[in-house]
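The values are calculated or read from the model by the stated rules, or taken from the named source; none is laboratory data. Treat the numbers as computed from the prediction; the structure is a model and nothing was measured. Here the Cβ positions follow ideal geometry from the backbone for every residue, glycine too, while neighbour counts run over all protein chains shown.
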Amino acid sequence: MRSWPTKTLALGGDYNPEQWPRPVWDEDIELMQRANISFVSLGIFSWSWLEPAKGEYEFEWLDTILDKLHAGGIAVDLATATATPPPWLSAAHPEILPVDVDGHTLWPGSRQTWCPTSPVFREYAVALTRQLATRYHEHPALAMWHVSNEYACHNLPCYCDECARHFRTWLQRRYEGLDVLNDAWGTAFWSQRYTDWEQILPPRRSTTFNNPTHVLDYKRFSSDALLEHLRAERAVLDELSPGVPVTTNFMTLDHFRHLDYTQWTPLVDVVSTDHYIVDALPHPRAELAYSGDLTRGLAGGAPWMLMEHSTSAVNWQPTNHAKDFGQTIRDALAHVARGADTIGWFQWRQSRAGSEKFHSAVVPHAGADSARFREVEELGRIAGRLGELVGSRVESRVAILHDYQAIWAAEGPCMPSSELDALTAAQAIHRALHDRGVTADVVHPSADLTAYAVVVVPQLYLVTDEHAAAVAAAAAAGAQVVVTYFSGISDENDHVRLGGYPGAFRDLLGVRVEEFFPLGPDGTVALADGTGTWWSEDVTALPGTDVLTTYAAGPLVGRPAVTRRAGEGDAGSAWYLSTLPDDATLGALLDDILAAGGVEPAVADLPRGVETTRRSDGPRSWLFLLNHTDAEQVVAANGYDLVADAPVDGPVRLAPGGVAVLRED
Ligand code: GLA
Ligand code: ZN
């Protein structure tokens, strides 16, 4: 089996058989078959069980389980097993351990205890990859390679001396000379001029704020350093196991922002990601939807793989809430609604020992005679029917720009508000669209924007000239362009664009801003029409720009708050939001913008709390309806419901927490 994605909606998960005695393995395979599990990710944390001493390998157990899985018809996403070095390696080579911002070594005893640039770690990891690829490249169970695991989850940034050396080399490639670096980093400020490359260190903890461009370049460097690691392992797989797809699981969650995945996608054959619901977020379901739309954006619109999520509680939140009954199915299908064709869980069987023993799994401590396992079995039956939509694409005519480098810059030291999250505007607008049944692609500014009807530029603080031009080109091609406060402020070196904010978009928007008036998390400002939150600005509308709403109180009373500059000819309008309006005002504004762009929701009159998307494939289409409320909801739609396995005639009645996937006529 050498093809991925498969022809069915594949269900699977992380499988750690080394934690269990062998008789359990046979039961595992039988239960996997019962639940329609068609793949497992194997060996992710198995290094010390595969190589118990330097150059001594124990493959018998892996041979055995691979054979059993193959005999059971389960495909394997085989790990290179390099996510966590074994104790013997860090004992022999303590220099592979990562170092934190204060210079403290992070000791072995948990996982991912390796420095991203360590040549010693790299050598051992590549050697293990070589062994595995040599031994298993023809194994019939092998369907995909899973390199490492969640790069950067715990070991970035590392501030060690080895990283300092690699950082200097990286800088020498980026800047032609020290003069160029001094200029880019603005070292005329605070006596920071460098006169020798050796003087440059990682941005370790200093007396006060580090240089923002130094910090930004360290984030760029750190992401690249791990990418080099993927490249090194991938090169071995390409050489020894050609034709088998390679992935590494991304983390496209709200709280993980260490890697610029835009740079990473060319190195994976299938975009895969992990997603966990964080209860402390103000809008956890909307975050799940944002994550799915971002993952699809990274995949260029193609179907993607959800490598991990949870059947129920996790183990790493202050209180680890169990999911509602029914939510295991609903959450899985929420990812399918946003383009996932493969659904994986962490993990198959709940551990008895270790720090994840209270993390839910497909087979819980109670065993297969449990509501949770039965729910997965039910999903297995549904997945069988959903096979027909595998390969189809999610329909979207709206783009929301997301740029990890802009986020990094916005999270730098000493901003007008350190309390304003870099994704506040993006997520608020995404959520408002999602509530109206309008799906957005969350894409990088380098994506082709010209085919979208609406392009949202939310808090894109740092923007290159090229990306600013791409936004203007989208407007010229007819898109409604929506720019929010604190966008287009700085260039790629994080130098402010002068002459009035937002320097990169001033002409497009026809506005000029002289000063920011951030409001903070609890501040609000009255608008002529609604309330502004988080932010306000002293905006001047240039001739030809319409003022849609003004500030109605405070120092900016009477000044423009929301504006629109009509495009000439076929060009779309450019809308500017200098504040984040309250939900109702934002919603009404988006209705106008969507109407101007001719964008319709997936279904009309969507009840509150129901999520919808549409996937299509040429003439065929499937409508997803997910009821996140505790009450029955009724939606006017028709088709054959693949979840209920029954035709729908007249309105769809969604049970509380229920899901329908309609094959439309
Ligand atoms: C991550 C890891 C898994 C597991 C889960 C727990 O996603 O990749 O190994 O630790 O978290 O939620
Ligand atoms: Zn390091």
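Selection of first residues in the range 578-596 that are assigned by TED's automatic domain parsing to the domain that holds Ala566 and under 10 Å from Ala428 (Cα atoms) and of second residues that are surrounded by fewer than 21 Cβ atoms within 10 Å (Cβ to Cβ) and at pLDDT below 95, restricted to Cβ pairs under 9 Å at least 6 apart or on distinct chains, gives the following pairs, ordered by first then second residue: Pro581/Asp529. For the range 122-138, filtering for residues that are surrounded by 16 or more Cβ atoms within 10 Å (Cβ to Cβ), out of contact with any Phe, Trp or Tyr (no Cβ under 9 Å at 6 or more places or on another chain) and of a type in the set (A, V, I, L, M) leaves 1.
Sub-7 Å Cβ pairs linking a first residue in the range 36-60 that is in the same structural domain as Arg22 (by TED's automatic domain parsing) to a second residue that is of a type outside the set (S, T, N, Q) and within 16 Å of ligand 2 (Cβ to nearest atom), at least 6 apart or interchain, are Trp47/Pro85, ordered by first then second residue. When every residue of the range 193-205 is checked against the conditions, none turns out to be more than 16 Å from ligand 2 (Cβ to nearest atom), of a type outside the set (Gly, Ala, Ser) and touching a residue at least 40 places away in the same chain (Cβ under 8 Å).
Regarding Thr252, is this residue modelled with pLDDT of 95 or more, within 13 Å of ligand 1 (Cβ to nearest atom), assigned by TED's automatic domain parsing to the domain that holds Leu227 and closer than 15 Å to Asp403 by Cα?
Working: modelled with pLDDT of 95 or more: yes; within 13 Å of ligand 1 (Cβ to nearest atom): yes; assigned by TED's automatic domain parsing to the domain that holds Leu227: yes; closer than 15 Å to Asp403 by Cα: yes.
So Thr252 fits the description; yes.
With the condition kept exactly as written, say whether any residue in the range 46-67 is within 25 Å of Gly387 (Cα to Cα) and surrounded by 15 or more Cβ atoms within 10 Å (Cβ to Cβ). No: zero hits.
I need the helices (runs of 4 or more DSSP H) fully contained in the range 312-424, keeping only those with at least 1 residues that are farther than 30 Å from Ser446 by Cα and at pLDDT 95 or above. Give the steps one after another, and end with the answer.
Working: elements: 327-337, 371-386, 404-410.
By residue number, 327-337, 371-386.
If I ask for residues that are charged (D, E, K, R) and either away from ligand 2 (no atom under 16 Å from the Cβ) or at pLDDT below 95 (or both), which ones from the range 156-181 would you list? Matches in the range 156-181: Arg173, Arg174, Glu176, Asp179. Screening the range 34-127 for helices (runs of 4 or more DSSP H) wholly inside it with 3 or more residues that are out of contact with any Cys (no Cβ under 9 Å at 6 or more places or on another chain) and either within 16 Å of ligand 1 (Cβ to nearest atom) or charged (D, E, K, R) (or both) returns the ranges 47-50, 60-71. Hey, among the residues in the range 141-162 that are of a type in the set (Ser, Thr, Tyr) and within 16 Å of ligand 1 (Cβ to nearest atom), which one's nearest to Thr84 (Cα to Cα)? Across the range 141-162, the extreme among qualifying residues is Ser148. Against the definition (surrounded by fewer than 19 Cβ atoms within 10 Å (Cβ to Cβ) and either part of a helix (DSSP H, G or I) or without any contact (Cβ under 8 Å) to a residue 60 or more places away in the chain (or both)), how does Val236 come out, yes or no? No, not satisfied.
Taking the conditions exactly as written (in contact with a helix residue (DSSP H, G or I) (Cβ under 8 Å, 6 or more places away or on another chain), away from ligand 1 (no atom under 16 Å from the Cβ), within 23 Å of Val246 (Cα to Cα) and touching a residue at least 24 places away in the same chain (Cβ under 8 Å)), does Ile29 satisfy them or not?
Details: in contact with a helix residue (DSSP H, G or I) (Cβ under 8 Å, 6 or more places away or on another chain): yes; away from ligand 1 (no atom under 16 Å from the Cβ): yes; within 23 Å of Val246 (Cα to Cα): no; touching a residue at least 24 places away in the same chain (Cβ under 8 Å): yes.
So Ile29 fails the test.
Here Thr134 fulfils each of the conditions (1) of a type in the set (S, T, N, Q); (2) within 28 Å of Thr252 (Cα to Cα); (3) more than 16 Å from ligand 1 (Cβ to nearest atom); (4) touching a residue at least 60 places away in the same chain (Cβ under 8 Å) apart from (2).
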